[in-house]
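See below for the structure under consideration.
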Amino acid sequence: MVIFGIDLVLLISALMISATPVLLAAIGEAVVEKSGVLNLGVEGMMITGAVIGFIFAVNTQIPIYGFICAAIAGALLSVLFAVLTQYIMSNQVATGLGLTMVGLGLSALIGKPYEGIKSPTLSKIEIPILSDIPILGPMIFSHDAIVYFSVILVATVAFVISKTRIGLVLRAVGENQEAAHALGYKVVRIRFLAIMFGGATAGIGGAYISLARVPQWTEGMTAGAGWIALALVVFASWKPWRVLLGAYLFGGITVLQLNLQAIGVAIPVEILSMSPYLVTIVVLVGISLFGHHTAPGSLARPFHASQ
Amino acid sequence: MAEVLLQMDGISKSFPGVKANDEVSFQINSGEIHALLGENGAGKSTLVKMIYGLMQPDSGSMKLGSENFRPSEPSKARQSGIAMVFQHFSLFDALSVAENIALGMENPPRLQDLSEKIETVSKSYGLPLGPKRLVGQLSAGERQRVEIIRCLLQNPKLLIMDEPTSVLTPNEVKTLFETLLRLKGEGKSILYISHKLEEIREICDYATILRNGKKVGSCIPRDTSAKQIGEMMVGKSFSSPSRKTRAFGEELLKVSNLSIRTKDFFGTSLSNINFSVRVGEILGIGGVAGNGQDELLSALSGEEKTSPSTIKIFNQPIGKLAPDERRAIGMRAAPEERLGHAAAPAMTLIENTLITSHSEDVINQWGIIKFDNVKEKTRNIVSEFDVRTPTLDNAAASLSGGNLQKFVIGREILQKPRVFVVNQPTWGVDAAAAAFIRQSILNLASNDSAVVVISQDLDELFEICDTFSVLTNGRMSKSHDIRSLSSEDVGLLMGGSDLDRKSHDTA
């Protein structure tokens with residue numbers, strides 16, 4: 001299927017790959033923010049995941065070890081944030097920004113010897129039967145494991161948040177921390193775990209850039225994906241399926257504008273390059289105009305269990 | 001002789017600088033409604049939090065039935081059959097009724113089953129409640145129902161209620177009391193915390209009175225006068241507010257055709273509000289919070305601007321003026337929410353005084369703050385309104401609710417406003433401080449000011465106001481001479497109907 005010189009199958013397939021890092025980081029951050037914490041360190045955790053994942057994948061030649069180590073690295077970095085903000089009561093905004101700086105610097109330092117090396121890549125998993133469907137098969141059911149994992153993760157998070165006890169407690173803590181505390185829920189402990197979850201998914205998201213999308217290590221290669229993830233969470237009104245929609249929209253326009261550049265459309269390159277950001281924001285703002293979507297009531301408010 | 005359910009023995013609890021509870025002992029029997037009385041800061045909340053497992057006593061012991069009882073966290077207390085209805089801080093606005101209830105239960109059933117259970121239990125106790133509704137859209141009375149149902153579903157032995165009637169309409173109070181008596185009939189015990197002595201005399205079997213963390217007495221409320229109980233609470237006698245004159249001058253504040261669309265998702269829009277207040281008059285506006293009270297206050301304070309002629313002072317249109325400009329011509333307001341609206345929590349009392357002062361009093365010609373003047377003003381407020389604070393440099397948030405309320409009211413009244421608008425002047429304030437605040441409002445009116453008091457507390461309005469109207473669902477009734485109103489009239493007004501049939505003989 002080719003429209004205006006662009007193959008739609010390749011486009012959709014590329015879109016899912018291009019959106020996966022942002023999607024993974026954003027779904028984790030959505031959980032963090034649902035618990036009432038604003039972690040602006042997503043970019044730092046992503047780039048750390050990217051470099052650690054790359055190092056382990058190169059040394060073991062097994063990509064999946066890279067992803068596991070990236071998740072652990074992201075979570076460990078987020079523990080730093082969690083300890084500082086939940087126990088030492090440091091300011092969440094400043095600490096999150098600091099975390100991004102630390103991540104960018106640290107990854108540049110430890111990644112230096114690995115520049116210019118090619119990493120092992122993930123093999124594609126063709127889902128039996130489904131991948132044989134014409135058009136749809138190669139489009140959606142012929143990806144690597146992490147792409148499937150990211151979609152399953154979104155579905156799981158959506159289910160857990162809206163349908164389970166754990167999700168209810170998480171929302172309660174983010175909505176009204178004093179009330180949750182009065183009812184006997186461990187506000188700090190729940191937030192700590194949410195922050196670690198966010199760190200792990202950001203780490204995996206980062207590793208997907210260095211192990212699947214690019215696949216090699218370059219300093220600063222996340223290139224603002226963490227910030228996009230943060231923006232997506234807000235514009236998606238903290239709803240998991242909208243995070244997926246936003247991420248795919250963003251990924252789609254990114255791929256599309258590259259294709260348009262390649263076939264030489266008479267639109268200035270600068271405008272094409274900024275289009276993913278503009279379109280994603282416009283669409284999600286449009287959606288959030290309908291209905292009632294406010295931030296979790298206790299978002300970014302420090303909590304200290306006094307009295 | 002009824003059996004003892006909960007026995008408290010020599011309970012003490014200290015915080016840095018304060019002894020919140022000092023050797024407190026008392027017992028609650030099965031099937032008893034037991035009142036816990038005391039001023040703000042007497043140690044009632046601390047004591048209750050220890051029973052509910054939110055805090056642990058430093059010394060002393062508790063016994064539940066025949067077993068030693070020392071819950072390390074609320075879930076332990078709930079498992080032992082203790083349930084608590086909080087005054088604030090325990091509902092989640094953005095969650096549904098059923099979700100809110102599930103959060104307060106140890107092993108909640110599936111949401112679907114829980115919803116059915118909520119409907120059955122709430123109907124059987126005469127407290128109807130839709131399980132799918134968002135809590136943020138409920139009235140204060142309905143919100144309390146959520147808490148009560150949450151407790152009842154756990155089948156508790158002891159139900160703790162912290163100031164349950166402070167936000168209810170008279171009818172809701174009646175329903176609540178019926179529920180409480182029914183629970184008592186089922187053999188459950190209730191620990192009832194309140195400032196309202198008449199209520200306690202009506203419903204409680206026994207009362208324990210705390211002052212400064214110590215138990216200072218106990219009594220059978222029915223056999224003791226409210227005055228006696230009140231004196232035990234404060235340790236001295238205090239007088240009810242009174243005023244010298246009730247003569248009104250010309251029309252001072254006039255509001256005509258005031259309509260505002262609320263910007264708050266959970267707020268109420270105002271539609272076509274008309275009233276006027278004369279020199280020396282106190283207009284009381286009753287009704288349950290959430291019916292447009294906050295919106296009315298913000299229109300009068302100037303936070304929300306309207307077309308100029310909607311609000312007039314001495315026939316001068318001021319609807320477009322900002323709060324600061326209104327203060328300059330002598331119109332001041334004290335909103336309900338003390339922390340964050342009336343006062344900046346993290347700023348000192350001195351800085352909070354500065355915020356609403358006339359700029360010419362506190363800022364010199366070069367734009368520099370005259371801190372000596374501000375300090376002097378703050379010192380005046382603190383001494384004249386008996387605000388108890390260690391220093392003037394204490395943050396507003398460090399004061400207790402009652403003290404901060406005295407500060408806020410004092411700050412405005414000492415500026416001698418011509419028009420003063422106040423929302424819930426004595427909410428959560430103890431009896432002595434409330435009497436003092438009411439007296440200062442009366443004195444202000446006697447000094448040729450016009451006052452608008454918005455309050456849910458009908459007793460308060462009847463004590464100090466000259467005229468009375470009700471704000472329901474964003475609409476305001478006609479104002480009536482308060483002395484001409486019977487309690488049925490008030491009920492009708494609260495229900496949203498105007499007393500048209502008799503407005504001609506009271507107007």
Requested in this report: Among the GluC sites (Glu not before Pro) in segment A:18-116, which ones are in a DSSP loop with at most 15 other Cβ atoms within 10 Å of the Cβ? Mind listing them?
Outcome: A:Glu115
Report summary line: Quick note on B:His358, B:His195, ordering by fewest other C-beta atoms within 10 Å, gives B:His358, B:His195
Query raised in the report: Where does each of B:Met84, B:Met494 land when they are ranked from fewest to most other beta-carbon atoms within 10 angstrom?
Result: B:Met494, B:Met84
**Report entry** Amide H contacts under 5 Å for B:Gly290, placed H, 5+ residues apart
**Finding:** none
Query - Karplus-derived HN-Hα couplings along segment A:214-228 (A = 6.51, B = -1.76, C = 1.60, θ = phi - 60°), whole Hz, x at Gly and Pro - result: 8, x, 7, 9, 10, 4, x, 6, 5, 6, x, 4, x, 5, 4
Report summary line: Looking only at lysines whose Cα falls under 23 Å of A:Lys239's and that sit 8 or more positions away or on another chain, we get A:Lys34, A:Lys163, B:Lys132
Query - Sites matching GluC sites (Glu not before Pro) across segment B:87-163 that sit in DSSP coil, with at most 15 neighbouring C-beta atoms within 10 Å - result: B:Glu106
Query raised in the report: Using θ = phi - 60° and the Karplus curve 6.51 cos²θ - 1.76 cosθ + 1.60, what whole-Hz ³J(HN,Hα) does each residue of segment B:135-145 get, with Gly and Pro shown as x?
Result: 4, x, 9, 8, 6, 4, x, 5, 4, 5, 4
Query - Candidate lysines - alpha carbon under 16 Å from B:Lys227, same-chain residues fewer than 8 apart omitted - result: B:Lys196, B:Lys236
Query - Mean residue ellipticity (222 nm) of the protein assembly as shown, computed from DSSP H runs ≥ 4 via -39,500 (n - 2.57), nearest 500 - result: -14500 deg cm²/dmol
Query raised in the report: Helix A:187-208 versus the longest principal axis of chain A: what is the Cα-based angle in degrees, 0 to 90, to the nearest 10?
Result: 10 degrees
Report summary line: The ³J(HN,Hα) series, computed from each phi in segment B:434-450 with the Karplus coefficients 6.51, -1.76 and 1.60 at θ = phi - 60°, rounded to the nearest Hz and given as x for glycine or proline, is 5, 4, 5, 5, 4, 4, 5, 5, 4, 4, 4, 5, 5, 8, 6, 10, 9
Query raised in the report: So how far, in whole Å, is the C-alpha centre of segment A:193-255 from the one of segment B:397-466?
Result: 54 Å
Query raised in the report: Amide H to amide H under 5 Å from B:Leu252: which residues, 5+ apart in sequence or cross-chain, H placed 1.01 Å off N in plane?
Result: B:Val277, B:Arg278, B:Val279
Report summary line: Taking a ≥ b ≥ c as the square roots of the Cα gyration tensor eigenvalues, with a/c under 1.5 meaning rounded and otherwise prolate when a/b beats b/c or oblate if not, segment A:11-68 comes out oblate
Report summary line: The distance between the Cα centres of segment B:1-24 and segment A:67-105, in whole Å, is 43 Å
Query raised in the report: Using Cα atoms only, what is the angle between the long axis of helix B:401-413 and the major principal axis of chain B, expressed in degrees (0 to 90) to the nearest 10?
Result: 10 degrees
Query raised in the report: Given the Cα-Cα distance of B:Ile220 and B:Glu251 and 0.36 nm per residue of separation, how much length would full extension add, in nm?
Result: 6.3 nm
Requested in this report: Hey, could you get me the Stokes-Einstein D for the protein assembly as shown, Kirkwood radius over alpha-carbon pairs, 25 °C and 0.890 mPa s, rounded to whole µm² s⁻¹?
Outcome: 81 µm²/s
**Report entry** Alpha carbon centroid spacing (whole Å) that separates segment B:166-193 from segment B:353-371
**Finding:** 51 Å
Query - Gyration tensor (alpha-carbon) shape descriptor, segment A:20-156, a/c threshold 1.5 - result: oblate
**Report entry** 22 Å Cα-Cα threshold exceeded, pairs from A:Lys186/B:Lys215; B:Lys63/B:Lys214; B:Lys76/B:Lys188; B:Lys49/B:Lys157
**Finding:** A:Lys186/B:Lys215
Query raised in the report: What is segment B:327-367 by shape, rounded, prolate or oblate, if you read a ≥ b ≥ c off the alpha carbon gyration tensor as root eigenvalues and call it rounded for a/c under 1.5, prolate for a/b larger than b/c, and oblate otherwise?
Result: oblate
Query raised in the report: When chain A is modelled as a GNM with alpha-carbon springs shorter than 10 Å, which of A:Val233, A:Val243, A:Val269 fluctuates the most?
Result: A:Val269
Report summary line: As straight-line cross-link partners of B:Lys254, the qualifying lysines (C-alpha separation under 16 Å, not fewer than 8 residues apart within one chain) are B:Lys305, B:Lys312, B:Lys320, B:Lys478
Report summary line: Non-local residues with an amide H under 5 Å from the amide H of B:Val470, with H modelled 1.01 Å from N and Pro and chain starts lacking one, are B:Gly286, B:Ser477
Query - Relative contact order, percent, chain B [alpha-carbon distance under 8 Å, six or more residues apart] - result: 15 percent
Query - Inter-chain Cβ neighbour average for residues B:98-109, partner chain, 10 Å - result: 3
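The numbers here are math on the coordinates, done by the rules we state, and not lab data. Please read these numbers as outputs of a predicted model, since none were measured by experiment. Ideal geometry is used to build each Cβ from the backbone, glycine not excepted, and the neighbour counts take in all protein chains shown.
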